[in-house]
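Since the structure comes first, as structure tokens, the remarks are kept for the end.
The values are calculated or read from the model by the stated rules, or taken from the named source; none is laboratory data. Given the structure is predicted, the values throughout are model-derived calculations rather than measurements. Here the Cβ is made from the backbone with ideal geometry for all residues, glycine too, and neighbour counts use every protein chain on show.
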Amino acid sequence: MTVVEPHEHLRLQIPEEPVDMGVGLRDAVLAGARDRDDFDDATSMAIWLWDQWRPSLEPAGIDRESFIDIVVAYRRELWFWLMGERGWEPFVTGLAGRVARRLPSR
């Protein structure tokens, strides 16, 4: 498993690409799910990644709601991954860098 250290206080393991989840989210978006109030592809991905990264994020000062906000703000890049315009690793390492830039001051 690949590990990135976007900040001296943050070490994140890059999880295996969730191919089935990506296909499901992409299909839902293409079917018009974005127009429904109960669907948010960025929040779905944020919750999945939170489960992966929580042990590293919480000690660094990032809580669940803050992390979800970061992922939602990164939704354009998520859309590129869902549509096959970006690979998984560039998407998720870019997100890791974005998270590192939003760490609370120590």
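In region 54-106, which residues are touching a residue at least 24 places away in the same chain (Cβ under 8 Å) and among the aromatic types (Phe, Trp, Tyr)? Selection gives PHE67, TYR74, TRP79, TRP81, TRP88. Condition check for LEU25 on (1) modelled with pLDDT under 85; (2) closer than 15 Å to ARG75 by Cβ: one failure, at (1).
Scanning region 1-32 for residues that are surrounded by 11 or more Cβ atoms within 10 Å (Cβ to Cβ) and in contact with a strand residue (DSSP E or B) (Cβ under 6 Å, 6 or more places away or on another chain) returns THR2, VAL4, GLU5, ARG11, LEU12, GLN13, ILE14. In summary, ILE62 fulfils each of the numbered conditions (1) assigned to a loop (DSSP other than H, G, I, E, B); (2) at pLDDT below 90 with the single exception of condition (2).
Counting the residues of region 82-94 that are closer than 17 Å to VAL23 by Cβ, more than 11 Å from the chain's Cα centre (by Cα) and either aliphatic (A, V, I, L, M) or assigned to a helix (DSSP H, G or I) (or both) gives 2. Scan region 29-50 and give yes if some residue there is of a type outside the set (A, V, I, L, M, F, W, C) and at pLDDT 90 or above, otherwise no. There is no residue in region 29-50 that is of a type outside the set (A, V, I, L, M, F, W, C) and at pLDDT 90 or above.
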